[in-house]
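What follows is one structure encoded as C-alpha cells, with my remarks underneath.
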Amino acid sequence: MQSPIHVTSEIGKLKTVMLHRPGHEIENVYPDILHRMLVDDIPYLPIAQEEHDYFADTLRKQGIEVLYFAKLAAEALQDSQVKDKFLEQMLAESGYAAGAVHDALKEYLLSMDTQAMVDKIIAGVRKDEIDVKFVSLAEMAEDKDYPFFMDPMPNTYFTRDPQASIGDGITINHMTFKARQRESLFTEYIIKYNPRFANKGVHVWRDRYHDTRIEGGDELVLSDHVFAIGISQRTSADAIMDIARNLFKDSNYDTVIAIHIPHNHAMMHLDTVFTMINYNQFTVHPQILDEHGKVDTYILHPGKDGEIEIKHRTDLQHVLEEALDEPEIDLIPTGNGDPIVAPREQWNDGSNTLTIAPGEVVTYDRNYVSNDLLRKHGILVHEVRSSELSRGRGGPRCMSCPLVREDLKK
Ligand SMILES: NC(=O)NCCC[C@H](N)C(=O)O
C-alpha cells in the first residue's frame, strides 16, 4: 500500500498537492497589523480567489489531485472529542486557556458546523462578533482598541510552510513568528485524525513541539537521499541539526545540504531564492551568491555513534553536482541576473517555481524575464495569474504542499 505521503524529489511528477484557497482571513488584515501579519499589502480577495482557482485548475489540468487544507482539517475534526481537544488547544495557543473569553469563544465556535468553525478560526474572530460579560483587565485596559479575540491567519494559503513532506513522512513545523504558529496545529490534527492519513504509517520526522524554528519553504527534497535546507530568517541551525539527526536515524537520507541565505523578508525561505526544476537545473537568485558565485554551504553526513559530520563548502554548483551525481548543474539566474530585473522579479517570487514534472514548472506570469529565460533553457512553463496573490509575498511553490510525487526513473 502506498503511503498517503510520498515525496522523494522536488521534481518527480506531482500526483497530489495540498492548497488553501484564500478566504476571509485576507480581509481581516488592515494596515496597522500588516507588518506583524508578515504581508506587505492586502490582496483584493475576490481577485485573489479567482487567481487561486486558476492556479488550482492549472494543476488539475495536468492530472494533479488538489486537496484543500481547510477541508482536510474539518474532516479530521468530525469526532466530537477530537474536536473538543483541538479547540481547547487552539484557544490556548490563541491566548485563552480558560476564563470568560475562552468560554464565549468556545461556545461561539461550537455553534457552527465543523467546516464553518475551521474557516472561522483561520479567518479570525472579531471582538464584536461575540458578547463576553467579564473580560480581563488586560482586555479592558491594554487591548481595548484591538479588534480581534483571535487573530486572522492570512498566510494560510502558503501551504508550503507549516509542514513539509519528505519521503513517506512529514515535518510539522514550529514556525518562527507568532502570526503563523497556529497553522501547523491544523496539520497535526490532519495527520493524526483525517482518515486519509491516520494510522497509515506517516512518519513525523519532527513535530511542532520544539523551541527551534523550521519552515517548509526552506525544506527541499533534492532526491531520495539528499535533502537541502535554508539557514534563513525562518529556519535555525539547531533545527537543521535536529532534522538531520532524525532523517539519518530512520530514513534513506544520508546527505543534508544547508545553505546560508540572507535573513530578510524578501528572501525569508530558501525557496524564494533557489528551487530545483529538473534533474540538473535550478533557479537561483543571483544576490545569494557573492561576486565569485559562492555561498556558504554546509554538508551534513551521518558520522560515528550518531554524531553528524559537517563540511563547509562555498561552491554550490559543485556541491550539487556531487550530491546528485550529475556531470553539470545549470543554475538559471532569476531575472537573467540583471541588477534591476533580478531583485524586482525575485520580490514577486520569480525564483519560486513549483516543479510539476522534470523540466515542467508553474510560475507567476508577472516574472516574464525569468519565465522567458527558463524557456530558453528548455523548461516547459505554465504561467498563472499573480496580481493579488503575490501581495502575500509567496509564489507557486510557497502556495503548494506536495503530498505525492512519482519516484524519479533514473
Ligand atoms: N515558502 C515561502 O516562501 N512562503 C511564503 C510565505 C509568505 C508569508 N507572508 C510569510 O512571511 O511567511
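M268 fulfils the conditions (1) open to solvent by 60 Å² or more (accessible area, probe 1.4 Å); (2) hydrophobic (A, V, I, L, M, F, W, C); (3) within 16 Å of the ligand (Cβ to nearest atom) except for a single criterion, (1). Considering only residues in the stretch 271-287 that are open to solvent by 10 Å² or more (accessible area, probe 1.4 Å) and either within 12 Å of the ligand (Cβ to nearest atom) or touching a strand residue (DSSP E or B) at 6+ places or on another chain (Cβ under 7 Å) (or both), the one that is farthest from P333 (Cα to Cα) turns out to be N280. Here A244 fits the description: at pLDDT 95 or above and more than 23 Å from T159 (Cβ to Cβ). Within the stretch 1-59, the residues that satisfy the criterion of being out of contact with any Gly (no Cβ under 9 Å at 6 or more places or on another chain), crowded, with 17+ Cβ neighbours inside 10 Å and of a type in the set (S, T, Y) are S9, T16, T58.
All of L289, L300 fail the test of being in contact (Cβ under 8 Å) with a residue 12 or more places away in the chain and under 30 Å from D41 (Cα atoms), apart from L289.
One residue stands out among those in the stretch 159-177 that are in contact (Cβ under 8 Å) with a residue 60 or more places away in the chain and outside any loop (DSSP other than H, G, I, E, B): the one that is farthest from A123 (Cα to Cα), which is G167. V82 - would you say it is in a helix (DSSP H, G or I), over 25 Å from M18 (Cβ atoms) and either hydrophobic (A, V, I, L, M, F, W, C) or free of Cβ contacts under 8 Å to residues at least 12 places away in the same chain (or both)? Spelling it out, it is not the case that V82 is in a helix (DSSP H, G or I), over 25 Å from M18 (Cβ atoms) and either hydrophobic (A, V, I, L, M, F, W, C) or free of Cβ contacts under 8 Å to residues at least 12 places away in the same chain (or both). Strands (runs of 3 or more DSSP E) fully within the stretch 317-410 that include at least 1 residues being in contact (Cβ under 8 Å) with a residue 40 or more places away in the chain, within 16 Å of the ligand (Cβ to nearest atom) and crowded, with 20+ Cβ neighbours inside 10 Å: 354-357, 360-364, 380-384, 401-405. Within the stretch 228-260, the set of residues being within 16 Å of the ligand (Cβ to nearest atom), assigned to a strand (DSSP E or B) and open to solvent by less than 10 Å² (accessible area, probe 1.4 Å) comprises A228, I229, G230, I259.
Among the residues of the stretch 181-225, those identified as within 16 Å of the ligand (Cβ to nearest atom) and either open to solvent by 10 Å² or more (accessible area, probe 1.4 Å) or in a loop (DSSP other than H, G, I, E, B) (or both) are Q181, R182, R208, R213, I214, E215.
The values are calculated or read from the model by the stated rules, or taken from the named source; none is laboratory data. Keep in mind that what you see is a predicted model, and the values were worked out from it rather than measured. Here the Cβ is made from the backbone with ideal geometry for all residues, glycine too, and neighbour counts use every protein chain on show. In case anyone asks, the SASA skips ligands and DNA or RNA and just uses the protein heavy atoms, side chains included. Shrake-Rupley method; radii C 1.70, N 1.55, O 1.52, S 1.80 Å.
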